[in-house]
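Note sheet for the following structure.
The values are calculated or read from the model by the stated rules, or taken from the named source; none is laboratory data. Remember, predicted model here, so these are calculated numbers, not experimental data. Counting neighbours? That spans all protein chains shown, and the Cβs are built from the backbone with ideal geometry, glycine included. Areas reflect the complete protein model, heavy atoms only, side chains present, ligands, DNA and RNA absent. Shrake-Rupley method; radii C 1.70, N 1.55, O 1.52, S 1.80 Å.
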Amino acid sequence: MKLAGATRPVLAHLAGLDGVRSERQRREISVQVWARSTPSMVSGLLPVAAWALYLAGALSPGATLVAVATLGAARWFAWTTASLISQLPSARVWTRRTAAMSGVGAYSAAVPGVDLSAGTAPAPDTAPRHPLRRLDLAAFSAVHEDGTVAVRDLDLAIERGQLVLVVGPVGSGKSSLLRALAGIVHHTGALRWNGQPITQPELFLRPNQVGYVAQLPRVLSGTIADNVRLGHEVDAASAVTTAQLDHDLAAAGAGLGLLIGHKGTRLSGGQLQRLALARALAPQTELLIADDVSSALDVTTELELWRALREHGITVVGSTSKRAALVQADQVVVLLGGQAVAHGTWDELADRWGHLAG
């Protein structure tokens, strides 16, 4: 619904459908009240009439008993018939309307190029790439689904190839900011890619344009290659080298074919982070969003990682609490309570904000 821009028409359809249901229910209740009250009144009067006819000698005792029993059955029959008459049209309208909305025909229709028995389908169209030269944030705020504003009114300009790191205490909004930059969390304010506003972040900030690495990355229970390629034609070896994972694979002696175990149980925390990083870099990502990606790395590996990313000209926006990473950054943003309270290089900020780094 969101991607098709059909939210408003669907909501209007549901509102109309609800109106029809309400009207049908009102009629149904009216008929049921009539169906329950009328037979009760009639069944209460007719036995009196039958008794009067018996006393007048017009009915025998046996006929009187049959008449009273028949009137009791007629009461149930009248109530059931009236309920069916009132409910069936409503059910029929509801079924017809919901079936039309669900598009049953579309589900059963054949899709060109798709063979369900063979499990084959045409490859999706290649999305156009937009090489990043500059990313601008103006009054940028990250807003969660419940309306909570996690980060408010951030202004920032990022040039191609820069390393920009966000630092702050737990709960300051670092992860929310990065998720908003990746199009995962809603944002307000302006986000401009090469001077052009991004009006559909869910579509524009997609993999191969923007890569996102979470604090706790999820991996497949397969090989290193499976996790990096994800079924696409990418240079997995180059991505693994840039992510500083190639030395670990060489030591294991299995290379890209190394089985990582169920959900990566055979890898350390640092190796998992670098595997997720390689996966994000593999499609030649223009902008890398890394949420505390070096938290489980030793100092030497971390320095090599930032150096490799810089050599490849990759623009990186991430979060960290490690001094070794902050020193490497072109820009550091200090977040407190969702507000950017300081901005500059770490040399400029370390005297006042050094307690935030370990």
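Could you look at the range 314-358 and say what percent of its accessible area is carbon and sulfur, using a 1.4 Å probe and all protein chains?
47 percent
Keeping the other protein chains in place, figure out the carbon and sulfur percent of the accessible area of the range 169-265, with a 1.4 Å probe.
Its accessible area is 55 percent carbon and sulfur atoms.
Taking R0 as 45 Å, what FRET efficiency do you get between R266 and E23 from their Cβ-Cβ distance, rounded to the nearest 0.05?
Computed FRET efficiency for R266 and E23 comes out at 0.10.
State to the nearest 20 debye the size of the charge dipole of the range 181-290 about its Cα centre, where the only charges are +1 on K and R beta carbons and -1 on D and E beta carbons. Display every interim value, and only then the final one.
Values: 8 positive and 7 negative charges, 55 e Å.
In total the dipole reaches around 260 debye.
Considering all alpha-carbon pairs of the range 210-358, what whole percent are spaced by more than 26 angstrom?
26 percent
Rank-order 210-216, 226-232, 308-314, 52-58 by packing density, defined as the average count of other C-beta atoms within 10 Å over each peptide's residues, highest first. Please report the intermediate quantities before stating the final value.
On the way: 210-216: 19.4, 226-232: 17.0, 308-314: 15.3, 52-58: 11.1.
Taking the mean over residues of other Cβ atoms within 10 Å, the ranking is 210-216, 226-232, 308-314, 52-58.
Over the range 131-188, give the accessible area per residue in Å² for a 1.4 Å probe, as an integer.
43 Å²
Once the other residues with Cβ under 10 Å from the Cβ of A190 are scored (Lys, Arg +1; Asp, Glu -1), what is the net sum?
Numbers: positive: R192; negative: D136, D155.
Once all neighbours under 10 Å are counted, the net charge is -1.
Rg over Rh of the range 261-319, using C-alpha atoms and the Kirkwood radius, what does it come to?
With Rg and the Kirkwood Rh in hand, the quotient comes to 0.97.
Mind giving me the nanometre distance, one decimal, between the label points for V170 and D351, set 7 Å out from Cα along Cα→Cβ?
My value for the distance between the label points is 3.1 nm.
Note down the net charge around Q339, summing +1 for each Lys or Arg and -1 for each Asp or Glu among other residues with Cβ under 10 Å from its Cβ. Intermediate values should be presented prior to the final figure.
On the way: positive: R152; negative: D153.
For residues surrounding Q339, the net value is 0.
Can you give the extra length, in nm with one decimal, that the chain gains between L220 and A63 once fully stretched, where that is 0.36 nm per residue apart less the Cα-Cα distance?
Taking L220 through A63 to full extension adds about 48.4 nm, to one decimal.
At 7 Å along the Cα-to-beta-carbon direction for both L45 and H186, put a label point, then send me their distance in nm to one decimal.
Placing both labels 7 Å beyond Cα along the Cβ direction yields 6.1 nm.
Just the number, please: percent antiparallel of the DSSP beta bridges in the range 222-358, rounded to the nearest 5.
Here the share of antiparallel DSSP bridges comes out near 55 percent.
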